[in-house]
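Just below is one structure, and these are the notes that go with it.
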Amino acid sequence: MQVIKYMFQPHGDNRGQLVALEEYKDIPFEIKRVYYMYDTGEGVVRGHHAHKTLQQILICIHGSCKIKLDNGREQKEVALEKPYEGLYVSNAMWREMYDFSSDAVLLVLASELYDENDYIRDYNDFIDFVNTLESR
Ligand code: T46
(Lines give C-alpha, C1' and ligand atoms only; values in the text may rest on other atoms or scores of the structure.)
Protein backbone atom coordinates (compact mmCIF):
# COMPACT_ATOMS: atom_id res chain seq x y z
CA MET A 1 0.00 0.00 0.00
CA GLN A 2 1.42 3.35 -1.03
CA VAL A 3 1.22 6.15 1.53
CA ILE A 4 0.98 9.53 -0.20
CA LYS A 5 2.35 12.36 1.87
CA TYR A 6 2.54 15.86 0.43
CA MET A 7 5.28 18.23 1.54
CA PHE A 8 3.86 21.72 1.06
CA GLN A 9 6.05 24.72 0.35
CA PRO A 10 6.35 27.04 3.36
CA HIS A 11 6.89 30.69 2.38
CA GLY A 12 9.16 31.74 5.19
CA ASP A 13 10.72 35.10 5.95
CA ASN A 14 11.79 36.93 9.08
CA ARG A 15 8.10 37.19 10.14
CA GLY A 16 7.58 33.42 10.21
CA GLN A 17 6.02 30.82 7.92
CA LEU A 18 3.01 30.74 5.62
CA VAL A 19 1.66 27.75 3.70
CA ALA A 20 -0.83 28.32 0.85
CA LEU A 21 -2.85 25.46 -0.66
CA GLU A 22 -4.70 25.69 -3.96
CA GLU A 23 -7.07 23.10 -5.37
CA TYR A 24 -5.74 21.09 -8.33
CA LYS A 25 -2.27 22.61 -7.74
CA ASP A 26 -1.17 21.66 -4.22
CA ILE A 27 -4.30 19.56 -3.53
CA PRO A 28 -5.34 16.92 -6.12
CA PHE A 29 -9.07 17.70 -6.00
CA GLU A 30 -11.59 20.52 -5.71
CA ILE A 31 -11.81 21.51 -2.03
CA LYS A 32 -15.52 21.47 -1.16
CA ARG A 33 -15.23 21.37 2.63
CA VAL A 34 -12.76 22.18 5.38
CA TYR A 35 -13.04 20.98 8.97
CA TYR A 36 -10.69 20.59 11.90
CA MET A 37 -10.57 18.88 15.24
CA TYR A 38 -8.85 20.01 18.43
CA ASP A 39 -9.06 19.44 22.21
CA THR A 40 -8.92 15.71 21.50
CA GLY A 41 -8.65 13.91 24.84
CA GLU A 42 -5.81 11.62 25.82
CA GLY A 43 -6.34 8.04 24.64
CA VAL A 44 -9.12 9.02 22.24
CA VAL A 45 -9.35 7.21 18.89
CA ARG A 46 -11.42 8.97 16.19
CA GLY A 47 -12.49 7.73 12.78
CA HIS A 48 -13.22 3.99 12.65
CA HIS A 49 -14.81 4.32 9.23
CA ALA A 50 -14.14 4.52 5.50
CA HIS A 51 -15.76 6.51 2.71
CA LYS A 52 -17.31 5.34 -0.54
CA THR A 53 -16.18 8.33 -2.61
CA LEU A 54 -14.61 11.01 -0.39
CA GLN A 55 -10.95 11.96 -0.81
CA GLN A 56 -9.20 14.02 1.83
CA ILE A 57 -5.91 15.61 2.83
CA LEU A 58 -5.14 15.56 6.57
CA ILE A 59 -2.75 18.19 7.95
CA CYS A 60 -1.81 18.38 11.61
CA ILE A 61 -1.28 22.16 11.60
CA HIS A 62 -0.35 22.21 15.31
CA GLY A 63 0.93 19.44 17.58
CA SER A 64 0.98 15.85 16.40
CA CYS A 65 -1.15 12.77 15.90
CA LYS A 66 -1.03 9.37 14.22
CA ILE A 67 -3.23 7.96 11.49
CA LYS A 68 -3.82 4.28 10.76
CA LEU A 69 -4.74 3.58 7.16
CA ASP A 70 -6.20 0.22 6.14
CA ASN A 71 -7.12 -0.58 2.54
CA GLY A 72 -8.67 -3.91 3.50
CA ARG A 73 -5.50 -5.79 2.59
CA GLU A 74 -2.73 -3.88 4.36
CA GLN A 75 -2.38 -1.42 7.21
CA LYS A 76 0.06 1.46 7.65
CA GLU A 77 0.62 3.89 10.49
CA VAL A 78 1.58 7.46 9.61
CA ALA A 79 2.73 10.17 12.02
CA LEU A 80 1.67 13.74 11.27
CA GLU A 81 3.78 16.25 13.14
CA LYS A 82 4.63 19.11 10.76
CA PRO A 83 2.27 21.88 9.63
CA TYR A 84 3.63 21.62 6.08
CA GLU A 85 2.92 17.92 5.50
CA GLY A 86 -0.38 16.50 4.31
CA LEU A 87 -1.56 12.90 4.18
CA TYR A 88 -3.73 11.92 1.24
CA VAL A 89 -6.56 9.57 2.23
CA SER A 90 -8.43 8.07 -0.71
CA ASN A 91 -11.91 6.64 -0.76
CA ALA A 92 -12.23 2.96 0.25
CA MET A 93 -9.68 3.45 3.05
CA TRP A 94 -10.46 2.63 6.66
CA ARG A 95 -8.93 5.31 8.94
CA GLU A 96 -8.30 5.79 12.63
CA MET A 97 -6.74 8.87 14.24
CA TYR A 98 -5.10 8.63 17.66
CA ASP A 99 -2.16 9.67 19.87
CA PHE A 100 -3.20 13.31 19.59
CA SER A 101 -0.91 15.63 21.51
CA SER A 102 -2.91 17.89 23.83
CA ASP A 103 -2.23 20.87 21.51
CA ALA A 104 -3.04 19.01 18.26
CA VAL A 105 -5.17 20.66 15.59
CA LEU A 106 -5.95 18.30 12.73
CA LEU A 107 -7.16 20.15 9.62
CA VAL A 108 -8.94 18.22 6.87
CA LEU A 109 -9.50 19.31 3.27
CA ALA A 110 -12.30 17.29 1.70
CA SER A 111 -13.37 16.68 -1.89
CA GLU A 112 -17.09 16.47 -1.06
CA LEU A 113 -19.67 18.10 1.18
CA TYR A 114 -20.68 16.25 4.34
CA ASP A 115 -22.83 13.23 3.51
CA GLU A 116 -23.59 10.57 6.10
CA ASN A 117 -24.50 8.15 3.25
CA ASP A 118 -20.89 8.19 2.08
CA TYR A 119 -19.65 6.64 5.35
CA ILE A 120 -18.97 2.92 5.83
CA ARG A 121 -18.97 2.47 9.60
CA ASP A 122 -18.92 -1.32 9.87
CA TYR A 123 -15.56 -3.02 9.18
CA ASN A 124 -17.14 -6.12 7.57
CA ASP A 125 -19.18 -3.87 5.26
CA PHE A 126 -15.90 -2.12 4.37
CA ILE A 127 -14.26 -5.42 3.40
CA ASP A 128 -17.32 -6.29 1.26
CA PHE A 129 -17.06 -2.86 -0.39
CA VAL A 130 -13.34 -3.37 -1.18
CA ASN A 131 -14.05 -6.86 -2.57
CA THR A 132 -16.82 -5.49 -4.79
CA LEU A 133 -14.54 -2.74 -6.13
CA GLU A 134 -11.79 -5.28 -6.86
CA SER A 135 -14.13 -7.72 -8.64
CA ARG A 136 -15.27 -5.07 -11.14
C1 T46 B 1 -12.89 11.49 8.37
C2 T46 B 1 -12.05 11.79 9.55
C3 T46 B 1 -10.62 12.09 9.19
C4 T46 B 1 -20.46 17.46 10.56
O5 T46 B 1 -21.56 17.93 10.91
N6 T46 B 1 -19.89 17.89 9.40
C7 T46 B 1 -18.69 17.43 8.96
O8 T46 B 1 -18.21 17.86 7.90
C9 T46 B 1 -18.00 16.44 9.75
C10 T46 B 1 -16.65 15.90 9.30
C11 T46 B 1 -18.60 16.03 10.91
N12 T46 B 1 -19.80 16.54 11.31
C13 T46 B 1 -20.38 16.09 12.57
C14 T46 B 1 -20.84 14.65 12.59
C15 T46 B 1 -20.62 14.22 14.02
O16 T46 B 1 -21.73 14.57 14.78
O17 T46 B 1 -19.36 16.19 13.57
C18 T46 B 1 -19.45 15.10 14.48
C19 T46 B 1 -18.12 14.35 14.57
O20 T46 B 1 -17.88 13.68 13.31
P21 T46 B 1 -17.19 12.22 13.21
O22 T46 B 1 -17.60 11.42 14.36
O23 T46 B 1 -17.49 11.70 11.85
O24 T46 B 1 -15.64 12.62 13.33
P25 T46 B 1 -14.36 11.68 13.11
O26 T46 B 1 -13.22 12.44 13.67
O27 T46 B 1 -14.57 10.29 13.57
O28 T46 B 1 -14.20 11.60 11.49
C29 T46 B 1 -13.94 12.77 10.74
C30 T46 B 1 -14.77 12.76 9.45
O31 T46 B 1 -16.15 12.59 9.77
C32 T46 B 1 -14.36 11.69 8.49
O33 T46 B 1 -14.94 11.93 7.21
O34 T46 B 1 -12.41 10.95 7.39
O35 T46 B 1 -12.56 12.84 10.39
| query | Taking the Cα centre of each part, how many Å lie between the stretch 101-122 and the stretch 10-47? | reply | 12
| remark: Which residues qualify? For LYS32, with a placed amide H closer than 5 Å and at least 5 residues away or on another chain, they are ALA110, SER111, GLU112
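Could you pull out the longest piece of the chain with no exposed loop chymotrypsin sites (Phe, Trp or Tyr not before Pro) in it, calling a site exposed if DSSP puts it outside H, G, I, E, B and it has at most 15 other Cβ atoms within 10 Å?
The longest uninterrupted stretch comes out as 39-83.
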| task | Starting from the Cα of LYS82, draw a straight line to each of the aspartates and glutamates and keep only those under 14 Å, dropping any in the same chain fewer than 8 residues away. | result | ASP103
| What trypsin sites (Lys or Arg not before Pro) does the stretch 21-104 have in DSSP loop regions with at most 15 other beta carbons within 10 Å? | LYS25, LYS32, LYS52, ARG73
| query | When the Karplus curve 6.51 cos²θ - 1.76 cosθ + 1.60 is applied with θ = phi - 60°, which whole-Hz ³J(HN,Hα) does each residue of the stretch 4-15 get, with x for Gly and Pro? | reply | 9, 10, 9, 9, 7, 8, x, 9, x, 8, 5, 8
| In whole Hz, what ³J(HN,Hα) sequence does the stretch 112-123 give by Karplus (6.51, -1.76, 1.60; θ = phi - 60°), x for Gly and Pro? | 9, 5, 5, 8, 4, 5, 7, 7, 10, 9, 10, 5
| request: Give me the percent of the accessible area of the stretch 4-134 that comes from carbon and sulfur atoms, probe 1.4 Å, all protein chains in place. | output: 47
| Between GLY72 and residues 5 or more places away or on another chain, which pairs have amide H atoms under 5 Å apart, with H built 1.01 Å from N, and which residues are they? | TRP94
| In sequence order, what are the phi-derived ³J(HN,Hα) couplings for the stretch 61-71 according to the Karplus relation 6.51 cos²θ - 1.76 cosθ + 1.60 with θ = phi - 60°, rounded to whole Hz, with x for glycine and proline? | 6, 8, x, 8, 7, 10, 10, 9, 10, 9, 8
| task | Would you kindly state how much longer the chain becomes between LYS5 and GLU81 on full extension, computed as 0.36 nm times their sequence separation minus their alpha carbon distance, in nm to one decimal? | result | 26.2 nm
| message | Helix-only estimate, please: 222 nm mean residue ellipticity of the chain, summing -39500 (n - 2.57) across DSSP H runs of length 4 or more and dividing by its residues, to the nearest 500. | response | -3000 deg cm²/dmol
| remark: Cross-link reach from LYS76 to lysines, straight Cα distance under 25 Å and at least 8 residues apart if same chain, gives LYS5, LYS52, LYS66, LYS68
| Could you state the per residue volume, in Å³, of the convex hull enclosing the Cα atoms of the stretch 4-134? | 112
| request: Kindly provide the GluC sites (Glu not before Pro) of the stretch 13-118 that DSSP labels as loop, not H, G, I, E or B, and whose Cβ sees at most 15 other Cβ atoms within 10 Å. | output: GLU22, GLU30, GLU42, GLU74, GLU81
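The values are calculated or read from the model by the stated rules, or taken from the named source; none is laboratory data. Just so it is clear, the structure is predicted and the values come from calculations on it, not from any experiment. When we count neighbours, we look across all protein chains shown, and the Cβ atoms used for this are built from the backbone with ideal geometry, even at glycine. Side chains are part of the model used for accessible areas, which takes the heavy atoms of the whole protein and leaves out ligands, DNA and RNA. Shrake-Rupley method; radii C 1.70, N 1.55, O 1.52, S 1.80 Å.
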